[in-house]
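Below you'll find the structure, written out as structure tokens, and then a few comments.
The values are calculated or read from the model by the stated rules, or taken from the named source; none is laboratory data. Keep in mind the model is a prediction, meaning the values are calculated, not measured. Counting neighbours? That spans all protein chains shown, and the Cβs are built from the backbone with ideal geometry, glycine included. Just the protein is used for accessible areas: all its heavy atoms, side chains included, with ligands, DNA and RNA removed. Shrake-Rupley method; radii C 1.70, N 1.55, O 1.52, S 1.80 Å.
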Amino acid sequence: MAQNRKQKRSNLAVTIVVGIILLLAVGVASVWLLNRPASQEATTSPAVQAQALSGTVYDGTMNTLTVETDGGEMYVFPTEDVEIITGSTGIAIGNSVTVYYEGSLDPAASVQGVEVLKIEVQDAAQPAPEPDPAAPTLEEQAQEILDGMTLEEKVGQMFLVRCPDSQAAEKVSQYYLGGYILFGRDFQNSTPEQITQTIASYQENAAIPLFIGVDEEGGTVNRVSRYSQYRSQPFASPQQLFEQGGLAAIRQDTLEKCEFLAQYGINMNFAPVCDVTTDPDAFMYSRTFGQDARHTAAYVSTVVRAMEEQEMCSVLKHFPGYGSNGDTHTSMITDSRSLEQFRQSDFLPFASGIQAGGDVVLVSHNIVSSMDAGRPASLSPEVHRILREELGFHGVIITDDLYMEGVRQYASDDQVAVQAVLAGNDLLCCTDFEIQYPAVLNAVQDGTISREQIDQSVLRILMLKLEEGIIPASNEI
């Protein structure tokens, strides 16, 4: 028992001694920490004492970096063996930069004698990209072109004329022509290479690209393929094609025809013929589909859609419908059918073509007594009203050739084009344009034809040229 009490006293003494030693150790450590030198603190945590200079990168070499401060001061820092953190553009002039260093800066020093600890470079803030303005519509583009045209240029744009025998390229710019229509004589004695170059020369002389048109209907009317140097066989008539393979054959032939014409620079085919007649003895029969209005309407829409695919301008002709009438090339023709007969028959193929996207409607010189007993259709405001309002056509209206006898017997040579404009035509198809152009120009200048009407017609023409790629649209330039 006495021995146990001695052992307990011995253990208590040891515990007291150990406790005193620990208290002394803690006190000494606290005194040391409170009184340690500042230089030792910097050694263990350099970032605490590091200084920073911010600015922009003014210049940089392999071994130095020049920083310009907001106040315009320049400091050159050594960069060898220095940690450099950069963004995607690296050490680019103008980028924001921060230099961490120890020591004192000397504005007069060529290179700072400080210890550079780290350099951080941030990419310069990029301005937010401006949103792309909405692409102008075709109508806006057409209006912009129109706004920059003179009256002489506007009137010239309304003339799509028979290509003259001589100085055709020069007359394009002299009369500011809207286009040429080519006939067999233009192809007969030319090679494919020559006609391509010739058409290109017309376009080179045009401030606004031209319509280059032909009548390549197939069958009895082929201005190009009738000559063997262009095609081994002329294009077949619609009636022949339909007999051979139905509307599928019509469509395939149209696609081939468009490619054939386009290779020479032709961008408008005066087709399809929309006239309705089943009379083999009628003047127009061989050029028509030769079936009733309903079947003719299906033929017309097939052709128009195929032409639209190939960006070939289509021309629906001859409004309001030839029927079984005679030839207006040689004489004046009067059609005595009722308006209701036209609505139930002849209008149907035109309506079908318009719905399918027909570009141009050609108006004939027939006098249709139920619409306008006093004027040829091409010169009749009432016929044009019916086309615009009843059939809903908003595109380009063109006359048949104003040199044909069916209209020349009605109006004098120097006034027929003026009357055609007043009737509502946008394009004037004529041979004697050197007489008709100044007549129309004078009629606008003296107020007979309003400038507003000229602007409306030219806007439609420019729109069509933009739609068919004849004038490159702004998103294609």
Checklist entry - Any idea how far apart Gln341 and Thr69 come out in nm if each label point goes 7 Å out from Cα toward Cβ? => result 10.1 nm
Checklist entry - What order do Arg294, Arg337 take when sorted by accessible area (1.4 Å probe), most exposed first? => result Arg294, Arg337
Item to check | Relative intensity, log₁₀ I(q)/I(0), of region 82-128 from a Debye sum that treats every alpha carbon as a point, q = 0.16, 0.28 Å⁻¹ | outcome: -0.53, -1.01
Checklist outcome for this item: Inter-part gap, Cα centre of region 382-458 to Cα centre of region 335-366, in whole angstrom, is 19 Å
Checklist entry - So for the pair Ala108, Asp279, with labels modelled 7 Å out along Cα→Cβ, what separation do we get in nm? => result 11.4 nm
Checklist entry - Can you pull the semi-axes for the chain, root of five times each eigenvalue of the Cα gyration tensor, sorted largest first, whole Å? => result 91, 30, 22
Item to check | Column: log10 I(q)/I(0), Debye, Cα scatterers of region 326-477, q = 0.18, 0.21 Å⁻¹ | outcome: -1.13, -1.40
Item to check | Expected-Rg normalisation [2.2 N^0.38 Å, Cα atoms] applied to region 128-282 | outcome: 1.29
Item to check | Estimated FRET transfer efficiency (Ser450, Glu204; beta-carbon r; R0 25 Å; 0.05) | outcome: 0.15
Checklist entry - What figure in square angstrom, to the nearest 10, would you give for the accessible area of Tyr403 with a 1.4 Å probe? => result 110 Å²
Checklist entry - Helix hunt in the chain: which complete DSSP H runs extend at least 30 Å axially by C-alpha with mean Kyte-Doolittle at least 0.0? => result 2-35
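On average, how much accessible surface per residue is there in region 147-237, in Å², for a 1.4 Å probe, leaving out ligands, DNA and RNA?
So region 147-237 comes to 42 Å² accessible per residue, rounded to a whole number.
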Next on the checklist: Place a point 7 Å from the Cα of Ile93 along the Cα-to-Cβ direction; which residues of region 58-85 have their backbone N under 11 Å from it?
Outcome noted: 58-60
Item to check | With eigenvalues of the C-alpha gyration tensor scaled by 5 and rooted, region 113-196, Å | outcome: 59, 22, 12
Checklist entry - In a solvent-free Debye calculation with one equal scatterer on each Cα, what is log10 I(q)/I(0) for region 321-388 at q = 0.12, 0.19 Å⁻¹, listed in the order of the q values? => result -0.29, -0.75
Checklist entry - Of the accessible area of the chain, with the probe set at 1.4 angstrom, what percent is carbon plus sulfur? => result 50 percent
